[in-house]
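Trainee: Before anything else, here's the structure in question.
Bear in mind these aren't lab numbers, they're just calculated from the coordinates by the rules spelled out. Just so we're clear, the structure is a prediction, and the values are computed from it rather than from any experiment. Here Cβ is always computed from backbone atoms with ideal geometry, including for glycine, and neighbour counts include all displayed protein chains.
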Amino acid sequence: MKRILTIQDISCFGKCSTTITLPVISAMGVETVILPTAVLSTHTMFKNFTVKDLTDQLLPIAEHWQSEGVEFDAIYAGYLGSAEEIDIAKKIFRMFRKEGTLVFIDPVMGDNGRLYARFGEEYVKLNRELCAEADVIVPNITEACFMTGNEYKETYDEAYIDGLLDGLARLGAKKAVITGVSLSPGKTGVRGLDSADGRRFTYQNDRVPASFHGTGDLFASVAVGAFVQGISLEDAFRVAADYTALTIEATLKEDRDPRFGVTFEKTIPDLIRMLGH
Ligand code: PXL
């Protein structure tokens, strides 16, 4: 069985990050080891959330694993709460990266042209350096713009996305896949670039007109959970895009506050079916 280490926060209410990654990747038949960067009462789209930072715990936990000879097939870093945690994530990559270990980074920083609460320019700069160490990075358009210094646009074409991908490749990531890319009306999906051979790929499905919190984490979790099992990168992202769209549709039927996240619990059987397990 494959084993993934995921480094991101636990937001106790309002499903995202670890509370999505752990159940979803486990359900995909991959052992999921968590390294919580912080415990929050909710994610940061709620007002008055509490945060208990766990920065000082990360290296002692990792060192304990190392002394026990624990190994990982992939390391998936998502929301990291501070500049210091980015630095520690880099150290953890070095501790556990062997030949063939997949380093997959979702540089969670912002959306809709803006950075999330708690983040600024310094954080962006460090994320840029972290992503240089990755095999696969999956920023959204906002994050790709902050990392490459390009202007954020609501309306764009394929050439604009390709410019962002080229910028990401120059930062050093081996494969960059931009999420939330809409290349024609009513569609959304991804466009990626493999810098080893310059190949680009696009996957678009129907856009579900709704925005729920945590869908980026759902998407990234499925993509890394599939890719680590030997599914091709394009197929992993196709399944991730289709499953995320299907889950948003299922969530819409429940009339929920978008901050409460998606009802992936009900669509897990569809994910298993899509993977052909
Ligand atoms: O879904 C990304 C995410 C993860 N963790 C926390 C967040 C966010 C996005 O807002 O606030 C704490």
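Trainee: Does segment 3-275 come out rounded, prolate or oblate by the C-alpha gyration tensor, with a ≥ b ≥ c the root eigenvalues, rounded set by a/c under 1.5 and, if not, prolate when a/b is larger than b/c and oblate if not?
Mentor: Note, shape of segment 3-275 comes out rounded.
Trainee: Find which of THR155, ILE268, CYS145 sits farthest along the positive direction of the dipole of the chain, computed with +1 on the beta-carbon of Lys and Arg, -1 on that of Asp and Glu, about the Cα centre.
Mentor: ILE268
Trainee: Given segment 2-54, what percent of its DSSP beta bridges are antiparallel, to the nearest 5?
Mentor: Rounded to the nearest five, the antiparallel share is 25 percent.
Trainee: Hey, what did segment 226-275 get for relative contact order, percent, Cα under 8 Å, at least 6 apart?
Mentor: That works out to 39 percent.
Trainee: Ranking request for peptides 72-82, 55-65, 233-243: highest mean number of other beta-carbon atoms within 10 Å first, then the rest in descending order.
Mentor: In descending order of packing, they fall as 72-82, 233-243, 55-65.
Trainee: Subtract the Cα-Cα distance of ASP162 and GLU31 from 0.36 nm times their separation in residues, and report this length gain in nm to one decimal.
Mentor: That works out to 43.7 nm of additional length.
Trainee: For a paramagnetic label modelled at 7 Å from the Cα of LYS174 toward its Cβ, which residues of segment 75-102 fall within the zone defined by backbone nitrogen distances under 20 Å?
Mentor: Once the point is set 7 Å along Cα→Cβ of LYS174, 75-78, 89-102 turn out to lie under 20 Å by backbone N, inside segment 75-102.
Trainee: HN-Hα J couplings of segment 82-88 from phi, Karplus 6.51/-1.76/1.60, θ = phi - 60°, integer Hz, Gly and Pro as x?
Mentor: Karplus values, whole Hz, x for Gly and Pro: 8, 4, 5, 5, 5, 4, 5.
Trainee: If we count every other residue with Cβ under 14 angstrom of GLY14's Cβ, Lys/Arg +1 and Asp/Glu -1, where does the sum land?
Mentor: +1
Trainee: Moving on. Per-residue ellipticity at 222 nm for the chain, helices alone: DSSP H runs ≥ 4 residues times -39500 (n - 2.57), over residue total, nearest 500 deg cm²/dmol?
Mentor: Calculated mean residue ellipticity at 222 nm is -13000 deg cm²/dmol.
Trainee: Still on this model: May I ask for the distance between the Cα centers of segment 169-213 and segment 62-82, given as a whole number of Å?
Mentor: For segment 169-213 versus segment 62-82, the Cα centre distance is 27 Å.
Trainee: What length, rounded to one decimal in nm, is gained on full extension from LYS253 through to ALA132, with 0.36 nm per residue of separation minus their alpha-carbon distance?
Mentor: 39.5 nm
Trainee: Another question, if that's okay. Have a look at VAL108, SER182, MET95 and report the one farthest towards the positive end of the charge dipole of segment 3-275, computed about the Cα centre with Cβ charges (Lys/Arg +1, Asp/Glu -1).
Mentor: SER182
Trainee: May I pose another question? Normalising by the residue count of the chain, find the relative contact order in percent from Cα pairs under 8 Å and 6+ residues apart.
Mentor: Dividing the mean separation by the residue count of the chain yields 17 percent.
Trainee: Place a +1 charge on the Cβ of each Lys and Arg in segment 71-214 and a -1 charge on the Cβ of each Asp and Glu, then give the dipole magnitude about the Cα centre in debye, rounded to the nearest 20.
Mentor: Once rounded to the nearest 20, the dipole reads 80 debye.
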